[in-house]
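Undergrad: Before anything else, here's the structure in question.
What follows is calculated from the coordinates using simple rules that are stated; it is not laboratory data. A quick note: this is a predicted structure, and the numbers were derived from the prediction, not measured. For neighbour counting, all protein chains shown are included, and Cβ atoms are generated from backbone atoms with ideal geometry for every residue, glycine included.
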Amino acid sequence: MNKPGLQITEHAELHGLNTLAVAARARYLIELDDPSGLADLLADPRFSGLPLLTVGEGSNILFTGDFDGLVLRLNHAQIELLDEQADHALIRAEAGASWDALVTWTLQQGWSGIENLALIPGRCGAAPIQNIGAYGVELSDVLSTVEVYDRVERACRELAAADCGLGYRDSMFKRQPKRFVVLAIQLRLQRAARLRTDYAGLREELAAMQIDQPGASDVAEAVRRLRRRKLPQPDVLPNAGSFFKNPIVDADLAQSLRARYPAMPQWPTADLHCKLSAGWMIEQLGFKGRRVGDAGIAPGHALVLVNHGNASGSALLALAREVQDAVYTRFGVRVEPEPQII
């Protein structure tokens, strides 16, 4: 039975819980304010044996049909300062807190380190799963601890960032989706962190703002302007942000591609590989702005899959696979989706 802080809906509509606005249903939807009762809740016989999917704003999910399982939405959203020193602080954000609200809060408190991640959609609980990143910064740069409920051990645990298997848009949580439920994250931020303004477009945006000596809030504002200009807002044109990851290839393949396509953007990585621009390759193939029914690619950004109205998840996935096949045929490189395909 539902009670304050707990709402259980059977045959729940998920259209409003994914930013691609795809129609889908779940056998059960649980919305929970207090995660302390999570273990008992998951032990409920109604949910025994059902697959579990944790969602926040649904900004990194593509439903290709109904989900015959349990969708869990954690709504606890407190942000607090755990420890403060002269030059650094440890900040805790619960899973239900808006990521962008966390960025704003930290800047208001004078702490820096995540300003380049401003305006990334979604909630804090999703941040370590995807190891979110933008404009030269990743969550792993500042993450200290992830608080989780471990479904195997049936206990709450704290995992050091080093134990979370964080990589480029990847983590242990993404590779073991059935085991962990993220409850909160802890970040170590600086009073005067070295600002990252060298990413393409960011320095130019600051110059356009007539800011010669930017602070962290200036960087965040520049990032917000860039994102609003380049990426459609989900409430206007439903999307899940960048749908494809930039592929990482070995140096020999990168060199071969550079010889054939001198304008291809490439970024060397620390392990002697090279990151390629998925957006550039997709745009070269003429996909930017393409539309098949209501499924489409954003007119302003080739990485963004959009729903112009009533596209089904299967139609969006079919377009994504067409893009993947075309990129592989032309460039010999496989671009992989960022969102979780359900």
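Undergrad: Compute the distribution of all C-alpha to C-alpha distances in the stretch 60-101, in bins of 5 Å from 0, and list the percent of pairs in each, rounded to whole numbers.
TA: 6, 16, 16, 16, 15, 11, 8, 6, 4, 3, 0
Undergrad: Here's something else I'd like to know. For the stretch 111-154, what is one quarter of the convex hull surface built on the Cα atoms, given in nm²?
TA: Approximately 3.8 nm², given one-decimal rounding.
Undergrad: In vacuo Debye scattering of the stretch 6-74, one point per C-alpha: log10 I(q)/I(0) at q = 0.18, 0.20, 0.22 Å⁻¹?
TA: -0.63, -0.77, -0.92
Undergrad: Got a sec? Charge dipole of the chain, +1 on Cβ for Lys and Arg, -1 for Asp and Glu; which of THR329, MET264, LEU82 is way out at the positive end?
TA: Value: THR329.
Undergrad: Percent antiparallel among DSSP beta bridges with both residues in the chain, to the nearest 5?
TA: The answer is about 80 percent antiparallel.
Undergrad: Separate question: Excluding GLN266 itself, what net charge comes from residues whose Cβ is under 13 Å from its Cβ, given Lys and Arg +1 and Asp and Glu -1?
TA: Result for the neighbourhood of GLN266: +1.
Undergrad: Here's a follow-up. Hydropathy at least -1.0 by Kyte-Doolittle, axial extent at least 20 angstrom from the Cα trace: which helices of the chain, defined as entire DSSP H runs, fit?
TA: Length and hydropathy pass: 313-331.
Undergrad: How do 234-245, 200-211, 128-139 rank on mean C-beta neighbours within 10 Å, highest first?
TA: With the highest mean Cβ count within 10 Å placed first, the list reads 128-139, 234-245, 200-211.
Undergrad: Still on this structure: Which value, in nm² and rounded to one decimal, describes the direction-averaged projected area of the C-alpha convex hull of the chain?
TA: Convex hull of Cα atoms, orientation-averaged projection: 18.1 nm².
Undergrad: Can you pull the semi-axes for the stretch 79-190, root of five times each eigenvalue of the Cα gyration tensor, sorted largest first, whole Å?
TA: One finds semi-axes of 22, 15, 12 Å for the stretch 79-190.
Undergrad: Given the -39500 (n - 2.57) contribution per DSSP H run of 4+ residues, what per-residue ellipticity at 222 nm results for the chain, rounded to the nearest 500 deg cm²/dmol?
TA: -6500 deg cm²/dmol
Undergrad: Here's something else I'd like to know. Which whole-angstrom value gives the distance between the alpha carbon centres of the stretch 136-198 and the stretch 57-100?
TA: Centre-to-centre (Cα) distance: 11 Å.
Undergrad: What share of all Cα pairs of the stretch 155-205, in percent, falls into each consecutive 5 Å distance bin?
TA: Over the stretch 155-205, the share of Cα pairs per 5 Å bin runs 4, 13, 17, 18, 14, 14, 11, 6, 2, 0 percent.
Undergrad: Any lysines with Cα under 29 Å of the LYS275 Cα? List them, leaving off those in the same chain fewer than 8 positions away.
TA: Straight-distance partners of LYS275: LYS174, LYS230, LYS245, LYS288.
Undergrad: Relative contact order (percent) for the stretch 79-190, with alpha-carbon contacts under 8 angstrom and 6 or more residues of separation?
TA: 32 percent
Undergrad: Contact order normalised by length for the chain, with contacts defined as Cα pairs under 8 Å and 6 or more residues apart; what percent is it?
TA: Rounded, it is 16 percent for the chain.
Undergrad: Related question: Expressed as a whole number of Å, what is the distance separating the alpha-carbon centroids of the stretch 1-52 and the stretch 274-342?
TA: Cα centroid to Cα centroid, the span is 31 Å.
Undergrad: So, one more: Show me, bin by bin at 10 Å from 0, the whole-percent P(r) of the stretch 180-257 based on Cα pairs.
TA: In whole percents, the pair-distance histogram is 13, 27, 35, 24, 2.
Undergrad: Can you give the direction-averaged projected area of the convex hull of the alpha-carbon atoms in the stretch 36-132, in nm²?
TA: The number I arrive at for the stretch 36-132 is 7.6 nm².
Undergrad: Quick one: what Rg and Dmax do you get for the stretch 239-341 from the alpha carbons, in Å?
TA: According to the Cα coordinates of the stretch 239-341, Rg and Dmax are 14.0, 44 Å.
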